[in-house]
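Readers should treat all values here as calculations from the given coordinates under stated rules, not as data from a laboratory. The structure presented is a predicted model; accordingly, all values stated were derived computationally and were not measured. Neighbour counts run over all protein chains shown; Cβ positions are idealised from the backbone, glycine included.
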Amino acid sequence: MSVVSSDVFGTLPDGRLVHRFTLRSDSVRLSVLSLGGIITSLETRDRQGELADIVLGFDHLQGYINKHPYFGAVVGRVANRIAEGKFSIDGKEYQLPINNGPNSLHGGLKGFDKMLWTSEILSNGVRLSMTSADGEEGYPGELKVWVTYSLDGAVLAINYKAQTTKTTPVNLTNHSYFNLAGHVKKLVLSNEQRGQHNNAIVMHVLYGVSINKEILYHGFPNIYDHEVSIEAENYLPVDKTSIPTGEITSVENTNFDLRNLVVLGDQIANKLAGGFDHNFCLNFSKQRSPCARVYHRPSGRLLEIETTQPGVQFYTANFLDGSLKGKGGATYPKHSAFCLETQNWPDAVNKANFPDALLRPGEEYDHTTWFKFSVL
C-alpha cells in the first residue's frame with residue numbers, strides 16, 4: 001500500500017504555485033512536481049535497509065526554473081532528436097525550433113518539461129495533465145496529455161496517454177538521472193577527526209561530511225561501479241550530431257552488446273570512451289517486456305525496468321561537467337549518472353523503417369514503463 005501527500009514546493013515568477021506530490025511505500029519514497037512532471041527525489045533502500053536518494057536534481061524550485069539537463073522531467077511532445085527539426089506529414093513540411101546543434105531535442109525551446117501541469121491525487125499516485133496547443137513549438141494538432149505516476153510496493157509505474165486533433169508525432173518519456181550509490185551520505189566526525197576531514201571524505205567515497213552541523217561536499221560519485229544489461233539484439237548507430245543513420249545494427253561482437261551484465265567502468269574506459277548516448281531496439285509488440293537491469297554491487301541496489309515502448313535511450317551523462325550544484329551542494333561531473341529513457345526511436349518521424357511515430361485523430365497514445373527496486 002502507498003500513501004500520497006502534497007505540499008507547495010515553490011512559486012513561479014508569474015505567481016503560480018508548483019506543488020510537490022510525495023508517494024511512499026515501505027521500500028520507496030518518491031517526489032514529483034506539477035512543473036514538468038519532474039521527479040525531484042527517489043529514495044530506495046540498500047542492503048542495510050538505509051534509504052538514499054538515487055536521482056540527481058535540486059533542493060529548490062529555482063534550480064528547475066534555470067537551464068538544466070532535463071533532470072527528472074517528462075519530455076515531449078517528442079523526446080530525443082529530430083534531424084534539423086524538420087518532418088513532413090501528408091506532404092506538408094513542419095519546422096521546429098533548433099536547440100541541440102542542428103537538431104530539435106526533447107520538444108524544443110519550451111517542451112513539456114517546462115509546463116505547469118494540472119494534478120489529481122490518486123489512491124496510490126498522482127495523475128498530471130496538460131494541453132499542448134495546435135502549433136505550439138511548431139507541432140500540428142492540439143494534444144491532450146496525461147502522465148500518471150503510481151507506486152505499488154517496490155514498483156513505480158509511469159503511464160503516458162495522449163490524444164490529438166491532427167496527425168502529429170508523439171514520443172513521451174521521463175528523463176531521470178540515476179545513480180544507485182545514492183545521494184549525499186552524512187558522516188558525523190569526532191572532535192579528533194574534524195581536523196582530518198579531507199582524508200575522511202576520501203575514505204567515505206566522497207559523499208559528504210557533517211562538521212559542526214555544516215556539510216562539506218565533494219563531487220558526486222561516478223557510475224563506473226554500476227553493472228548494466230539491456231534486452232536488445234540491435235542498436236542504432238548515429239552520425240556526429242547523434243542522429244541515427246537509419247541502419248539497424250546487431251549488437252553482436254560490438255561495444256553495444258549489453259545483453260549480459262557489464263561493468264560500466266570497464267565498458268567506458270576500454271571500449272567506448274565517450275560513454276553511451278544510443279538507442280537500443282526493444283520489442284515491437286507494445287506488450288510489457290523486460291528492458292534493462294542495473295546493479296550496484298557496493299550498496300546491493302538493483303533496478304529492473306520493463307516497458308511497452310519499442311526502444312530505450314541509454315545515456316551515461318556524458319555532457320555533465322561538474323558546473324551544476326545539485327542537492328545539498330553536490331556537484332555532478334561527467335558520468336555521475338545514467339538515464340534509461342524508454343521511448344520510440346530517435347528521428348523516427350523521418351525514418352520509414354523505424355516504428356511509427358505518428359498519432360492520428362481518434363487514436364490514443366498509451367505506453368507504460370515500470371521501475372522495480374530491490375536489493376541483492
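Some points to look at:
- Strands (runs of 3 or more DSSP E) fully within region 284-376 counting 1 or more residues that are under 24 Å from residue 141 (Cα atoms), of a type in the set (Lys, Arg) and under 17 Å from the mean Cα position of the chain (by Cα): none
- Residue 44 being of a type in the set (S, T, N, Q), touching a Phe, Trp or Tyr at 6+ places or on another chain (Cβ under 6 Å) and under 27 Å from residue 299 (Cα atoms): yes
- Pair list, Cβ < 8 Å and 6+ apart or interchain, from region 59-81 residues that are farther than 20 Å from residue 169 by Cα to residues that are among the aromatic types (Phe, Trp, Tyr) and part of a loop (DSSP other than H, G, I, E, B): 64/58; 64/71; 68/58; 69/177; 69/319; 71/58; 71/177; 72/177
- Screening 125, 141, 111, 107 for residues that are over 26 Å from residue 349 (Cα atoms), crowded, with 22+ Cβ neighbours inside 10 Å and either of a type in the set (Val, Ile, Thr) or in contact with a strand residue (DSSP E or B) (Cβ under 7 Å, 6 or more places away or on another chain) (or both) leaves exactly one candidate, 125.
- Selection of strands (runs of 3 or more DSSP E) fully inside region 1-99 by the criterion of at least 3 residues being crowded, with 23+ Cβ neighbours inside 10 Å returns 28-33, 39-45.
- Qualifying residue in region 262-275 (condition: assigned to a loop (DSSP other than H, G, I, E, B), in contact (Cβ under 8 Å) with a residue 24 or more places away in the chain and out of contact with any strand residue (DSSP E or B) (no Cβ under 7 Å at 6 or more places or on another chain)): yes
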